[in-house]
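Heads up, the thing below is written out as structure tokens.
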Amino acid sequence: TNQPTLFYLSIDQAGESYDYTNVVMKYDGSKWVAYESADESAVQKQMLWEGSEGNVTVTAATFSLETSPSYSLSASADQSSDAKLKSSDHLYYYSNEVEPSASGISISFDHIMSKLEIALTLRDEFEGLTDPITSVMLSGTSLTATYAPANADKWSDYSTADEVIKTCPLVAYDTDARTATYEVILLPQTVAANTFCVTIFIGDKSYEWTSANAVTLASSNKYTLALTVGKDKVSGNSFTAAPWVSEGGDINNKTE
């Protein structure tokens, strides 16, 4: 269910007659269909193998490949729902070793963004309250940057980090354990010390935690920030990283 329903595809074969650039692939519920554009009225596009036995180069992404070799990408400031969160989850695939096949090819997308889960525990001062957390906001990160996959540094031209992101509930509030988890998708970047800030709103009060250290977020990584909220302060318990994978297996879901 977390596979994209639309992506862009470019294929570079041995010659030029059978090269394809920025073809729109849409999922019709049972198979992937090629179209001339993303317009609803766009006509289907026929793509053919050139007949060469040699491997071809395939590039695919959930963003337009028209501006290759660099792309301006953003993380949304409002990620408060699953759909809004997913819009910031940019996927990318590249291989110059794809073997042409009459049955089609498989594309294994990688996340190129970073994912942060904020695991909250409320102290016993909040005991007995039902879902007291109104929202969780994150500030201090850049929301727009340029992605150039062929470059060693990949990311550059970051926007000024002056916007606040509304995060998405991931695990609902547990009244007995007084816990809840929120998630947000971020651009890979390094955030300066005393800049990366989480604000938790409970009732008419807000509680802030700011990292005293620089925070580095890498592509394809999921981070978990554990915080404990008391009536007077927020304590940072841990900040850990792991590969960003789907439940039950690798994120590289096949799209044929």
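Given a 1.4 Å probe and the protein chains as shown, Asp124 ends up with an accessible area of around 100 Å².
For segment 108-233, carbon and sulfur atoms together expose 44% of the accessible surface, with a 1.4 angstrom probe and every protein chain in place. The count of lysine pairs in the chain that are at least 8 places apart or cross chains, and whose C-alpha atoms lie under 24 Å apart, stands at 29. Accessible area per residue for the chain is 52 Å², calculated with a 1.4 Å probe on protein heavy atoms, without ligands, DNA or RNA. Over all other residues within a Cβ to Cβ distance under 13 Å of Phe126, the charged ones net out to -3, with Lys and Arg as +1 and Asp and Glu as -1.
Using θ = phi - 60° in the Karplus curve 6.51 cos²θ - 1.76 cosθ + 1.60, the 3J(HN,Hα) couplings for segment 101-109 round to 8, 5, 8, x, 10, 10, 10, 9, 6 Hz; x is entered for Gly and Pro. For the chain, relative contact order (Cα pairs under 8 Å, six or more residues apart, normalised by length) works out to 19 percent. Could you work out what % of the accessible surface of segment 51-95 is carbon and sulfur, using a 1.4 angstrom probe and leaving DNA, RNA and ligands out of the count? Its accessible area is 48 percent carbon and sulfur atoms. Helical content alone sets the calculated 222 nm signal of the chain at -500 deg cm²/dmol, taking -39,500 (n - 2.57) per DSSP H segment of four or more residues and averaging over every residue. Contact order, relative form, for segment 146-241: 17 percent (alpha carbon pairs under 8 Å, 6 or more residues apart, mean separation divided by residue count).
Positive contributions from Lys and Arg (+1) and negative ones from Asp and Glu (-1), summed over other residues with Cβ under 14 Å from the Cβ of Lys231, come out at -2.
The values are calculated or read from the model by the stated rules, or taken from the named source; none is laboratory data. Since we're looking at a predicted model, the values are computed, not measured. As a convention, Cβ positions derive from the backbone with ideal geometry for all residues, glycine included, and neighbour counts pool all protein chains shown. For accessibility, only protein heavy atoms count, side chains too; no ligands or nucleic acids. Shrake-Rupley method; radii C 1.70, N 1.55, O 1.52, S 1.80 Å.
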